[in-house]
Structures are given as C-alpha cells and as structure tokens.
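Here is the structure we will look at.
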Amino acid sequence: MASIIPRAWKRLRLSKTSGWVCNDCRRTFATSRVQRQQQPPASGQHESQDPKSTHFGFQTVTEELKAGRVANVFSSVASSYDTMNDLMSLGIHRLWKDHFVRSLNPGSRNSVEGQKILDIAGGTGDIAFRMLDHASNINHDNQTSVLVSDINPEMLGEGRKRFATSPYKAAGRVAFLEANAEDLSAINDSSIDLYTVAFGIRNFTYKQKALEEAYRVLKPGGVFACLEFTPQLRNPVMNAIYKRWSFGAIPLIGQVVAADRDSYQYLVESIERFPSQEEFAGMIRKAGFLLPGHGGEEEGMQGAWEDLTMGIAAIHKGVKPA
Ligand SMILES: C[S@@+](CC[C@H](N)C(=O)[O-])C[C@H]1O[C@@H](n2cnc3c(N)ncnc32)[C@H](O)[C@@H]1O
C-alpha cells in the first residue's frame, strides 16, 4: 500500500488550466470535480428538487437511470471490493465495522429465539459475519440470524461464496435476499429486531423511502443503525487533506488495482452528495424513529450520531417507538 500511493501521486501534477494531469498518460482529471467537492451542495439539495432527476456522484441523471448506474458500479467492483476497501481506507473500515457491531451488541444471552437482524446493502457479508461472530462469541447466542439483503446479485454472490463454508450457513443463521432497500415488500411489517446498513445508503435514490421501509419492517423497540461516510470533516485543514487524498488517490488506486477508475470516482463523489450528520439525523427522525441523546445538537455517544476518525464516517441510530 505504502508504495502505491506515493507512486500514484508522483504521476500527477496540477495544471492551472487543465486540472490534475497524469505525467504518464497525459490524461486530465477534471479540476471541476475537485472544485465542486470544495463547494458541497447547499443544505437540503442532496435529494434533488426535480422529482425526475437525481444525483449519480456529481452528475445529474434521471431517477430511472440512477439505480442501473449504481448497479453497474457494484457489479464492476464486486470481485475486488474487499481488497479495494482495505486499500482505500488503509484498513480503517475494519475498525469502524468492528466498532459499529460492538456498539450494537447483537445477540441476546437470555432469548431462546435470538434476534432477527436485517443487513441492508449487505454486499459481501462483512457486517453479517461480524454480527454472527459477536452474537456467538460474546453473547453465547447461537440462534440469532442475519438476512443479508442487497440490490446487486454480484455483490450477494461474493457474500454467498464467503458464507458457503461457514458454520453459520450450515446452521441456517444466514440467508440472502436480492431487493431494493426502498421496497422491502418481501419482508413482513414489524418482524426485524435490528436493521443495519453500512456504506450503502448514500447509493440509494430515495433515502427517505428506504428509512420508511426500515421503520415498517422493524418491531416496536427495534433499532435502525447506519454506518456511512460523511461529506465534510469538522476540522477544515484535515478536511482539505482528506479530500485531496480521496479525490486524488482513490480513483487512481481503482485504476491501478482494479482497472476501474470511474467506479471509484463515483464512490468518492457519492460521499460528497450524502447529507451532513445533522441532516441525516433529521431524515431518520422524519421516518418516525426516536433519536438517542440530544437529537443532533450534541456529538458523541450520547448524541444522535457518533463521529468516527475525525468525522470521516459516522454511526447514526434510531429506535422505533414501542
Ligand atoms: C459500498 S457497498 C457496502 C457493502 C457492505 N455493507 C460493506 O460495508 O462492506 C454498497 C452496497 O450497497 C448496495 N446498494 C446500492 N443501492 C442499493 C439499493 N437501492 N438497495 C439495496 N442495496 C443497494 C450495492 O449493491 C453494494 O453492495
């Protein structure tokens, strides 16, 4: 990893007229992308005002097109997704996911049935594995099960492969469902104890609709939990450094390691389009959930969300009223 990033950076120079230029291939990487990421959309503009158009990264596309474009991205990255995640986040995504799962403490020491967990946009099963490990090893609960749901059959295929030889599969503690998070009609009302979504919701076309579906399928007292990147770090200096890294290096790593620059360009652009922690907490509340703590006015464990690693990512939670 250490050798990839400096090499990638050395290939780039910033031209006043053309933006970033690759010294090797002479390709320009639009400065406008960098400039636009320095001017995030004004508050409230994350969900397009025009009901027929929406965002695909920094592009405006019709709503019908978006799901297909997102599907292409994840079909393209599915086989390299786990490796790329490690490279892009320097392995930090693993720590965030571990923390996310620990904070939810899945499984129950006393329940005979265990919990029913729904992991939305579950992709390659990273969260599901951790949930089941935690329930089994920490809470000694061998009943809790996870339904991994994703819109993309290729991502689910990678997840199925990972679970194929695991004892969880044999014990019937994991199942897979191909579904759009905005329409979970295959899942009954009030049937789920814990709904998780990690690094998925920023890709959804109708995030509010997905939150309403989460509310519908959760039991009263059930918990909604989301781990997602945030569009801005609180510290402006760290934010500038981080944006340079993400817009400069991540698409290049995608190009070098997975021969797929555009998908990784989309992944960083989609982070810019995601609502701020405050706005997203408001959307969760609008769907009917109770927010823990002070409803967004205070950060930290007692607030409506928890910032991770200087606010690069955040965990939001909501509880369906009993
Ligand atoms: C960045 S991956 C995250 C995978 C996994 N949760 C993790 O943390 O490693 C995003 C996932 O969201 C899925 N996705 C995108 N739009 C979706 C939608 N509307 N409904 C369900 N899943 C969706 C993609 O197919 C992809 O598997």
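The values are calculated or read from the model by the stated rules, or taken from the named source; none is laboratory data. What you see is a predicted model, and the numbers here were worked out from it, not measured in a lab. Quick reminder, even Gly has a Cβ in these numbers, built from the backbone with ideal geometry, and neighbours come from all protein chains shown.
Applying a threshold of 7 Å to beta carbon distances and a minimum spacing of six or more residues, or different chains, the list of pairs starting in the range 279-293 at a residue that is farther than 12 Å from Phe224 by Cα and at pLDDT 95 or above and ending at one that is outside any helix (DSSP H, G or I) and of a type in the set (Val, Ile, Thr) is empty.
Condition test on Ile271, is it within 30 Å of Ala322 (Cβ to Cβ), of a type in the set (Val, Ile, Thr) and within 16 Å of the ligand (Cβ to nearest atom)? So Ile271 does not fit the description; no. For beta carbons closer than 6 Å, sequence separation of 6+ or different chains, a first residue in the range 252-275 that is in a helix (DSSP H, G or I) and a second that is surrounded by fewer than 20 Cβ atoms within 10 Å (Cβ to Cβ) and of a type in the set (Ser, Thr, Tyr), the qualifying pairs are Ala258/Ser80; Ser263/Ser76. Figure legend. Inter-residue proximity from the range 67-95: first residues farther than 17 Å from Ile250 by Cβ, second residues of a type in the set (Asp, Glu) and within 10 Å of the ligand (Cβ to nearest atom), beta-carbon distance below 8 Å, spacing 6+ or different chains. Indicated pairs: Ser75/Glu154; Ala78/Glu154; Ala78/Glu158; Ser79/Glu154; Ser79/Glu158. Can you find even one residue in the range 136-152 that is of a type in the set (Asp, Glu), closer than 29 Å to Glu306 by Cα and in contact with a Leu (Cβ under 7 Å, 6 or more places away or on another chain)? Looking through the range 136-152, at least one residue is of a type in the set (Asp, Glu), closer than 29 Å to Glu306 by Cα and in contact with a Leu (Cβ under 7 Å, 6 or more places away or on another chain).
When the residues of the range 182-201 are filtered to those that are in a strand (DSSP E or B) and within 14 Å of the ligand (Cβ to nearest atom), the one that is farthest from Ile312 (Cα to Cα) is Tyr195.
Among the residues in the range 144-155, are any surrounded by fewer than 20 Cβ atoms within 10 Å (Cβ to Cβ) and within 17 Å of Asp98 (Cβ to Cβ)? No: the range 144-155 contains no residue that is surrounded by fewer than 20 Cβ atoms within 10 Å (Cβ to Cβ) and within 17 Å of Asp98 (Cβ to Cβ). Restricted to helices (runs of 4 or more DSSP H) entirely inside the range 5-114, those with at least 2 residues that are modelled with pLDDT under 55 are 31-38. The test for being within 14 Å of the ligand (Cβ to nearest atom) and either farther than 20 Å from Ile312 by Cα or buried (at least 21 other Cβ atoms within 10 Å of the Cβ) (or both) holds for Val217.
Could you run through the range 125-181 and say how many residues are part of a loop (DSSP other than H, G, I, E, B), without any contact (Cβ under 8 Å) to a residue 40 or more places away in the chain and within 14 Å of the ligand (Cβ to nearest atom)? Here the count works out to 1. Going residue by residue through the range 194-211, is there one that turns out to be more than 17 Å from the chain's Cα centre (by Cα), in contact (Cβ under 8 Å) with a residue 40 or more places away in the chain and surrounded by fewer than 22 Cβ atoms within 10 Å (Cβ to Cβ)? The answer is no, given that none of the residues of the range 194-211 is more than 17 Å from the chain's Cα centre (by Cα), in contact (Cβ under 8 Å) with a residue 40 or more places away in the chain and surrounded by fewer than 22 Cβ atoms within 10 Å (Cβ to Cβ).
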